[in-house]
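Worksheet for the structure shown next.
The values are calculated or read from the model by the stated rules, or taken from the named source; none is laboratory data. Model, not experiment: these values are computed from the prediction. Neighbour counts run over all protein chains shown; Cβ positions are idealised from the backbone, glycine included.
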């Protein structure tokens with residue numbers, strides 16, 4: 001994946017980016033012997049035309065939603081097709097004479113130049129059986145990891161315009177698909193746009209004061225749904241599958257919260273259609289799901305700002321997050337994904353983070369040993385503890401994920417980002433130089449210079465900003481003193497060019513015209529951005545005190561020079 005070092009580029013489109021925009025299967029309710037018709041929409045989100053890519057189609061035998069080489073049923077090489085920016089290609093594939101049963105398929109784009117592979121895979125499923133029309137009854141909510149005394153339960157929702165009678169209908173988990181349990185042997189109607197909860201016992205009433213008792217069935221033989229992933233399958237009275245969800249804990253739920261469906265009109269087995277309940281009772285049985293009215297947040301609404309992955313012995317590991325926006329963020333349902341581990345980023349029903357506030361996410365209270373001021377009540381920060389928190393000293397991927405599974409920020413931190421002048425970085429955090437600049441820009445991270453080794457819940461010790469906005473090329477602070485004392489160790493170069501998309505060359509020369517540092521070399525950019533300069537030459541050595549010439553050249557996307565701008569930057573030192 002190409003990177004964008006030394007500059008802010010969250011709003012800049014990627015140079016190469018193919019997206020599998022949709023994957024449809026028809027007919028919706030096939031019978032054995034019918035043909036399945038697949039339709040894939042491949043969309044070019046990138047700035048450049050795309051060609052020479054592959055679409056693989058997989059039969060997901062183990063229903064894990066992970067494409068595996070041994071499951072490929074068809075592979076199409078598009079070596080002569082060209083997709084222009086903001087254009088689509090539709091590819092269709094047919095499976096004839098399909099046999100009965102539940103089927104799950106995966107589409108995946110393989111494109112060697114792709115700058116973003118997170119949007120290359122889609123999963124879809126279909127039930128091939130004897131029914132020819134949907135009843136409209138769907139699985140709407142799953143409580144698979146309750147806390148005592150609450151029992152396990154599932155909620156059904158009638159999304160049709162007619163009542164549905166579930167007499168002699170059945171339910172199973174993944175291990176009992178051939179021997180499902182009868183829900184009720186009596187007539188039981190679920191009215192249009194209404195709910196029914198199937199609970200293992202009546203102890204559900206002890207924790208849900210607002211539940212409608214007329215919409216509950218108690219079923220002591222309800223299957224036990226595994227916390228590490230399972231299936232909920234509903235069969236009608238002739239054993240045809242009506243709906244099914246093969247959930248995983250990464251979809252949401254657990255830790256006493258239910259797993260709620262976001263939209264009744266989207267696919268049941270779509271992981272992005274499920275999220276952790278945001279309700280203050282941790283679930284919403286017999287009423288509208290709390291997640292339905294949730295507004296998705298935007299990238300960088302909350303950012304990773306400081307990382308203590310190698311604390312002193314007997315001290316806690318921790319992360320600091322920061323709200324750089326003017327929004328009030330409700331973090332209920334949010335998660336932190338560290339490598340393969342997922343942690344809840346909330347500890348109450350409503351956790352509101354105001355603009356310019358911090359969250360410190362720590363393993364335990366030993367964080368107070370080094371930072372006793374955190375014990376003081378301070379409305380500008382919040383501390384959340386999770387004893388399972390573990391940060392790899394060799395580096396790891398950290399992602400912030402909102403309640404509807406949008407990735408808000410991510411960083412793949414590396415111990416090499418520390419100041420190489422510090423002989424032993426144990427007990428020193430990695431700090432962002434400016435929280436508004438890219439999290440995966442290694443030049444935006446360096447070692448904390450505070451005597452305590454970190455600044456959890458307060459402004460970073462190496463924080464730097466450019467406050468000049470009037471010129472096309474500005475430097476602030478200027479002069480700056482890259483001596484490692486935590487004060488003006490870095491400067492931020494702010495630029496604004498004419499073209500919306502251009503390639504930038506940014507270089508630093510000494511007063512004799514000798515090149516000492518190349519900051520950007522033919523780097524794709526939007527019309528404006530910022531670059532961090534650490535006062536070092538291309539060999540990583542600190543520049544001598546003096547005046548240097550900063551030269552920017554912008555080449556537009558048609559190959560013509562847009563602009564050449566230069567200014568001076570002063571490397572200084574304290575007397």
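Residues checked against (1) more than 26 Å from residue 168 (Cα to Cα); (2) not in a strand (DSSP E or B):
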residue	(1), (2)
209	yes, yes
217	no, no
239	no, yes
265	no, yes
>> Quick test for you: out of 344, 315, pick the one residue that is in contact with a helix residue (DSSP H, G or I) (Cβ under 7 Å, 6 or more places away or on another chain) and in contact (Cβ under 8 Å) with a residue 12 or more places away in the chain.
In response: 315
>> Please pick out the residue among 3, 26 that is loosely packed, with under 14 Cβ neighbours inside 10 Å and modelled with pLDDT of 75 or more.
In response: 26
> Name the pairs: first residue in segment 379-396 and over 18 Å from residue 360 (Cα atoms) and not assigned by TED's automatic domain parsing to the domain that holds residue 357, second residue outside any loop (DSSP other than H, G, I, E, B) and modelled with pLDDT of 95 or more, Cβ to Cβ under 8 Å, at least 6 apart or on different chains?
Replying inline: none
>> Suppose we keep only residues that are within 19 Å of residue 116 (Cβ to Cβ) and touching a residue at least 60 places away in the same chain (Cβ under 8 Å) within segment 66-103. Which one would you say is surrounded by the most Cβ atoms within 10 Å (Cβ to Cβ)?
In response: 83
> In this structure, does residue 395 turn out to be at positive phi and under 16 Å from the mean Cα position of the chain (by Cα)?
Replying inline: no
> Quick one: how many residues across segment 328-350 are within 19 Å of the chain's Cα centre (by Cα) and under 22 Å from residue 291 (Cβ atoms)?
Replying inline: 14
> Here are some conditions: (1) over 19 Å from residue 139 (Cβ atoms); (2) at pLDDT 95 or above; (3) in a loop (DSSP other than H, G, I, E, B). Residue 222 meets all but one. Which one does it not meet?
Replying inline: (1)
> Which one of the conditions (1) within 30 Å of residue 203 (Cβ to Cβ); (2) surrounded by fewer than 15 Cβ atoms within 10 Å (Cβ to Cβ); (3) in contact with a strand residue (DSSP E or B) (Cβ under 8 Å, 6 or more places away or on another chain) does residue 148 fail to meet, given that it meets all the rest?
Replying inline: (3)
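I'm trying to understand the selection: among the residues of segment 59-70, which are within 15 Å of residue 122 (Cα to Cα) and not in a loop (DSSP other than H, G, I, E, B)?
Matches in segment 59-70: 59 only.
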